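So the structure is just underneath, and the comments pick up after that.
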Amino acid sequence: MTPIAITFLILAILVVWGGLVASTLYLRRSPELSSYPPGATDDHREDDAPIIRDT
Amino acid sequence: MTDVKNPSPSSGTKPREEWTGQVGFILAAIGSAVGLGNIWRFPGVAYENGGGAFLIPYLVALLTAGIPILFLDYAIGHRFRGSAPTAFRRLSGGKRWMEGLGWFQVAIAFVIGLYYTAVIAWALSYFVFSFDLRWGDDTAGFLTGEYLQVGDPGFSLEFVPGVLIPLAIVWLAAIVVLALGVARGLQRVNVIFLPLLVVAFSILVVRALFLDGAAEGLNALFTPDWAALGDPNVWIAAYSQIFFSLSIAFGIMITYASYRKRRSNLTGPGLVVAFANSSFEILAGIGVFATLGFFAFQQGIAVSELEGLTGVGLSFITFPAIVSQMPGGPIFGVLFFGSLVMAGFTSLISVLQVVSAAVQEKFGMTARGAAVGVGVVSAVLSVLLFSTTTGLLALDVADQWANNIGIVASAVLATILVIWILRRGPELRYHLNAVSTFKVGRIWVLLVGILAPVILGYMLIQRIITLVVEGYADLPSWYLGVVGWGTIAFIIVVAIVLPLFRWRQSPDDFTAWPPYPPPGDPTVSRRVGRKGMSS
């Protein structure tokens, strides 16, 4: 490969895959807000969601 | 303070289906975004539009249009907790014409679902053909002749069994997944297929990198052509690629976001989804061009002399020819077509869920009832239209019109109506920031409200003029009128007629959470009062 093509291959990988790594790390560090506006607390059914009762 | 429950708390509505958590949603959203276009469209588009230099307009388009419109879809679906017609209707305070915009998007998804299934069926056939390299030496002749048995433009009821059988299998699988529901069906398929896809495609890429001529292929893809950056069409190509690749503006992300619990981070996962989609495109670019480099090397020509570098031609003509010449070709073919099937299927179920969810909510059906109903009707139409000798032409034309006119028009309408006519930009921005870790500034409203409609509007007008003046693929104008413009007419009729039907249960009995303007925030309340944007 030519040096310029190698440079752009590495650049593409660094920027795009780097963006994926950075956004994933950011999400892992702060997956959810620590406080929300009041309300909507009864909507939390994360654990029993797979049991779908409408079928 | 309003204690907000799921839609219509007093009406005894069953709880809305949900993803099991953040990771489940992210995998499903990536599965939807990563589709056939990542593998067969991005590499060729990047190569033809500046090579390495394309990275610049591509990233600019990702950051200024792709991610902002993705956030817009998330905000609408999550705040108004419904499929596209429900969400747009609630957003507008119960206006029928906004429900019509939702049905416009549903109709696009319905049309795309009909032919997208056919392409996955072809990939499934070629997955099987890979084992004995059944396409022989003349891969173009095999595709249009022996396999698809393509006839003249028109409408034939002469079924091609080789397409009909895999098509029926794909529809059956899709209906089963949809009927199993959001968490047990859609999410589970993505949890299994997405890692498998990444592993299979990564093996393919590593293999491709060790082929003779691979370096020449990568040179062709990554050597920058700086002059291309001065060409407006290259920038339009970048915005198109990002726009079509991210599964935005036709209801998918609205529907998917509506299955997240209310207290859910939206923008953080959105960034992961957007960058994961682009990461797979870069991976596909490396794999496809390393392979094309090998093909050029085998033929003793330059990569620039190769033909069939995108779409159906790349996947079903060029790649089979390469597989035939490669040591260990059948394994490579199995990996490539297996990847196409998996990438396509995870996108297909998201497209079909848009229709299924909309029908379910409008007509008060169960999730399983709507999935089976929509699936069976779609399957019959899909088989009638795309498993016959005229299927390929119909598919090509319907795809051209549904994507380049349907989806782009949908995005232009949505951004203008939501941001300018209904002026809900600040409310949606507030919603994103109230639940998310990554905050969006006022620039987000500007990008969605000004940049997106300007660029997409230009793309739309340019494409309409081209299709009217030049036609498409040398096909007779009566055929383009019936299949191409007919597709658009169908979408518009659905958008006008469906809002006229009565809802089994009013979607308007709904309170958005968190309330806007937020109680106790005088600055926002004052601004809202002045501009008349209260919800």
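The values are calculated or read from the model by the stated rules, or taken from the named source; none is laboratory data. Note that this is a predicted model, so its numbers are computed, not measured. Cβ atoms come from the backbone with ideal geometry, glycine included; neighbour counts cover every protein chain shown.
Selection over the range B:431-445 of residues that are buried (at least 19 other Cβ atoms within 10 Å of the Cβ) and either out of contact with any helix residue (DSSP H, G or I) (no Cβ under 7 Å at 6 or more places or on another chain) or on the phi > 0 side of the Ramachandran plot (or both) gives a count of 2. Scanning the range B:12-57 for residues that are touching an Asp or Glu at 6+ places or on another chain (Cβ under 6 Å) and within 9 Å of chain A (Cβ to nearest Cβ) gives B:Lys14, B:Gly21, B:Gly51, B:Ala53. Considering (1) more than 19 Å from B:Phe80 (Cα to Cα); (2) modelled with pLDDT of 95 or more, the lone condition that B:Asn403 does not fulfil carries the number (2). Just name the residue that is modelled with the highest pLDDT out of those in the range B:263-286 that are outside any helix (DSSP H, G or I) and surrounded by 24 or more Cβ atoms within 10 Å (Cβ to Cβ). For the range B:263-286, the residue satisfying everything is B:Leu266. If you go through the range B:381-439 and pick out every residue that is farther than 30 Å from B:Gly268 by Cβ and either in a loop (DSSP other than H, G, I, E, B) or within 14 Å of chain A (Cβ to nearest Cβ) (or both), you end up with 3. Among the conditions (1) of a type in the set (A, V, I, L, M); (2) touching a residue at least 12 places away in the same chain (Cβ under 8 Å); (3) more than 8 Å from chain A (Cβ to nearest Cβ), the only one that B:Ala276 does not satisfy is (3). Of the residues contained in the range B:492-512, one or more are found to be farther than 30 Å from B:Arg429 by Cα and more than 28 Å from the chain's Cα centre (by Cα). For the range A:10-43, filtered to residues that are more than 7 Å from chain B (Cβ to nearest Cβ) and assigned to a loop (DSSP other than H, G, I, E, B), the residue that is nearest to B:Trp513 (Cα to Cα) is A:Ser35. Checked against the criteria, B:Ala118 counts as under 27 Å from B:Ile349 (Cα atoms) and touching a residue at least 12 places away in the same chain (Cβ under 8 Å). Can you find, within the range B:254-279, the residue that is farthest from B:Ile39 (Cα to Cα) among those that are among the β-branched types (Val, Ile, Thr) and out of contact with any Gly (no Cβ under 7 Å at 6 or more places or on another chain)? Selected residue: B:Thr267.
Among the residues of the range B:56-92, none is identified as in contact with a Pro (Cβ under 8 Å, 6 or more places away or on another chain) and aliphatic (A, V, I, L, M).
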